[in-house]
There are 2 protein chains.
Amino acid sequence: MNKTLYNTLIELSPICKKDYLSSISVDCVVFGFYNDKLKVLLIQLDGLDAWGLPGGYILKEEDLNKAANRILEERTGAKDIFLNQFKSFGKTNRSENVFKDCPDDLWHKQRYISVAFYALIDYHKVTPVVDKYSAACEWKDVDNLPDFMMDHQTIFESALLQLRKDLNYKPVGLNLLPEKFTMPELQRLYEAILNKELNRGNFYRRMKRYGILNKLDETRKGGAHKAPDLYQFDKEAYKCSLENGLSEIW
Amino acid sequence: MNKTLYNTLIELSPICKKDYLSSISVDCVVFGFYNDKLKVLLIQLDGLDAWGLPGGYILKEEDLNKAANRILEERTGAKDIFLNQFKSFGKTNRSENVFKDCPDDLWHKQRYISVAFYALIDYHKVTPVVDKYSAACEWKDVDNLPDFMMDHQTIFESALLQLRKDLNYKPVGLNLLPEKFTMPELQRLYEAILNKELNRGNFYRRMKRYGILNKLDETRKGGAHKAPDLYQFDKEAYKCSLENGLSEIW
DNA sequence: CCAAAAGTGTTGAACTTACACCCATGA
DNA sequence: TCATGGGTGTAAGTTCAACACTTTTGG
């Protein structure tokens, strides 16, 4: 840890102690989609090599979900992000050595239970914000990730697994794709999330069966080949299938 | 609130403050199965009408999962319970008026973020324990529940929904049924969880296809009709399907 | 016209659903 | 023996994976 971060921590510690709930934090795994790649928004603390998930603390009079939204808005500039709380992490040793050189009464050095959210957000609507603690805030490819600090690798992997599981019964795409998109683009999003190739014909049929897509009278011109049809999500049907699920067995 | 509970709270407050993490609690939705009914273990605080979920706090040097296990063991006498952390609850107003007559610095009156677990446990292995705070600890039918305190109704419903969702890709039964059981018994467990009737033949085939059952050379004698075959779970296959899931779409 | 990608059709296997049928048992 | 519940069979419809075929586009 370098001196800048150390001084920032010492300076902010009493303020945090006053404003925030102790022992509890929020971490966000922010997914985006760009250039056929699934991305995740990571930050780098000043003077540390390892990267971490954007996170923060909960104000003493603030709802948990509100806190997650606020933290993400501060970090991305985007409002009303799709957020899904998926698990809390509370091993005693999870923060390990990051603050080992700091005084024991430093706010940030205490033990935290972290409530983790994953977020789906349009890559183009995000302006990564570098805050007081951090030296960088960048999108990273999920298949080419840097070293993580603390247990953030575990949290990230848990988020990706949860997202993949959610694909089984929730629609995904409204928050990750632009307004208009083609079937092949949607398919590549699914392939990026699942990290495996899907059969084109079967994917088309399944998506159509879900009934959440409106085919537009336009095609995506400009490619070197046949112009694919453009689609939009049917907002109502999408919302309905988000709430009621796409395929239950029982 | 009656005087007994009030005095207990005042007495325990400083001890809690010393031993536990502040602002964070654990609540458990404990499911059991008895007499073809899905049950949930509830407690009643001394002098209150409404019922609540068994819960507790996290020791300052205790892992989150350990805490949940400890809390349940204290309450049920059972060890190594199947626990599934499914969500955390953190609305600012969630504890509402329960402690409104108590001093503001009472440990129990502070605002909590509660990490909720659901537990599946053999009804016969539980001995409900009434602790210092509570007047009662009893199994209740999930289709005939009393009034809940705080947001525990929400937490309970969320747990049941999660359990139903988990039925889609996890086996259930090892923790809720006795060692040996019949197909109709297993089916009635599923029906109790889902609160809907299932087709017998199709249920049989699905369970067999999962490959987690061993058919025994015994039948359940004593009923008024044809003696049904007895089954056991194949522990290895069960564990494997718990980890890898039973049916993924993609 | 050609290559390549988009869109659609086909086919057999697997699974679901909804029944029907037979079997075993105690009353 | 008979009512009842347990176990299995079957036929129609649906979904699936895999693959082939047709269409559309820019070069």
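Report, by residue number, each residue of region B:58-76 that is more than 8 Å from every other protein chain (Cβ to nearest Cβ), part of a helix (DSSP H, G or I) and open to solvent by 20 Å² or more (accessible area, probe 1.4 Å). Scanning region B:58-76 gives B:LYS66, B:ASN69, B:ARG70, B:GLU73, B:GLU74.
Set side by side, the residues A:THR127, A:THR182 differ, and just one is β-branched (Val, Ile, Thr) and within 16 Å of DNA strand D (Cβ to nearest atom), which is A:THR182.
Is it true that some residue in region B:145-157 is touching a residue at least 40 places away in the same chain (Cβ under 8 Å), within 29 Å of B:LYS17 (Cα to Cα), within 11 Å of chain A (Cβ to nearest Cβ) and not in a helix (DSSP H, G or I)? Spell out the reasoning first.
So the first thing to find is which residues in region B:145-157 are touching a residue at least 40 places away in the same chain (Cβ under 8 Å), and the list is B:145-152, B:154-156.
From what is left, the residues that are within 29 Å of B:LYS17 (Cα to Cα) are B:148-152, B:154-156.
Narrowing further to those that are within 11 Å of chain A (Cβ to nearest Cβ): none.
Checked against the condition, which is being touching a residue at least 40 places away in the same chain (Cβ under 8 Å), within 29 Å of B:LYS17 (Cα to Cα), within 11 Å of chain A (Cβ to nearest Cβ) and not in a helix (DSSP H, G or I), region B:145-157 yields no hits at all.
Can you name every residue in region A:143-174 that is of a type in the set (Phe, Trp, Tyr) and over 14 Å from A:ASP27 (Cα atoms)? The one that is of a type in the set (Phe, Trp, Tyr) and over 14 Å from A:ASP27 (Cα atoms): A:TYR169. Can you find a residue in region B:203-218 that is touching a Leu at 6+ places or on another chain (Cβ under 6 Å), away from every other protein chain (no Cβ under 14 Å) and more than 15 Å from DNA strand D (Cβ to nearest atom)? No: zero hits.
Among the residues of region B:77-93, the ones that are surrounded by fewer than 17 Cβ atoms within 10 Å (Cβ to Cβ), within 14 Å of chain A (Cβ to nearest Cβ) and farther than 25 Å from B:TYR6 by Cα come to 1 in all.
For region B:128-137, indicate whether the set of residues that are part of a helix (DSSP H, G or I), open to solvent by less than 40 Å² (accessible area, probe 1.4 Å) and assigned by TED's automatic domain parsing to the domain that holds B:ASN35 is non-empty.
Within region B:128-137, the first condition is being part of a helix (DSSP H, G or I), and the residues that meet it are none.
No, that holds for no residue.
Every condition in (1) more than 15 Å from the chain's Cα centre (by Cα); (2) more than 12 Å from DNA strand D (Cβ to nearest atom) holds for B:GLY223 except the one numbered (2). Taken together, the residues in region B:23-57 that are touching a Cys at 6+ places or on another chain (Cβ under 9 Å) and either modelled with pLDDT under 95 or within 14 Å of chain A (Cβ to nearest Cβ) (or both) amount to 2. Filtering region A:95-127 to residues that are under 21 Å from A:ASN65 (Cα atoms), touching a helix residue (DSSP H, G or I) at 6+ places or on another chain (Cβ under 9 Å) and in a loop (DSSP other than H, G, I, E, B) leaves A:ILE121, A:VAL126. Does B:LEU64 qualify as being among the hydrophobic types (A, V, I, L, M, F, W, C) and farther than 26 Å from A:ASP63 by Cα? For B:LEU64, the condition - among the hydrophobic types (A, V, I, L, M, F, W, C) and farther than 26 Å from A:ASP63 by Cα - is not met.
Does region B:158-173 contain any residue that is without any contact (Cβ under 8 Å) to a residue 40 or more places away in the chain, polar (S, T, N, Q) and either at negative phi or within 16 Å of DNA strand C (Cβ to nearest atom) (or both)? No, region B:158-173 has no match at all.
Within region B:35-57, one or more residues are free of Cβ contacts under 8 Å to residues at least 60 places away in the same chain and outside any strand (DSSP E or B).
Among B:ASP166, B:ASP151, which is the only one that is more than 9 Å from DNA strand D (Cβ to nearest atom), at pLDDT below 95 and either more than 21 Å from B:ILE81 (Cβ to Cβ) or of a type outside the set (S, T, N, Q) (or both)?
B:ASP166
Checked against (1) more than 12 Å from DNA strand D (Cβ to nearest atom); (2) open to solvent by 50 Å² or more (accessible area, probe 1.4 Å); (3) in contact (Cβ under 8 Å) with a residue 24 or more places away in the chain, B:ASP229 meets all criteria but (1). Look at (1) open to solvent by 30 Å² or more (accessible area, probe 1.4 Å); (2) in contact with a Lys or Arg (Cβ under 6 Å, 6 or more places away or on another chain) and you find that A:ALA116 fails only one, number (1). A count restricted to region B:196-226 and to residues that are in contact (Cβ under 8 Å) with a residue 12 or more places away in the chain, closer than 30 Å to A:LEU246 by Cβ and open to solvent by 100 Å² or more (accessible area, probe 1.4 Å) stands at 1.
The values are calculated or read from the model by the stated rules, or taken from the named source; none is laboratory data. These numbers come from a predicted model, not from an experiment. Cβ: placed from backbone, ideal geometry, glycine included. Neighbour counts: every protein chain shown. These area figures cover heavy atoms from the full protein model, side chains too; ligands, DNA and RNA do not enter into them. Shrake-Rupley method; radii C 1.70, N 1.55, O 1.52, S 1.80 Å.
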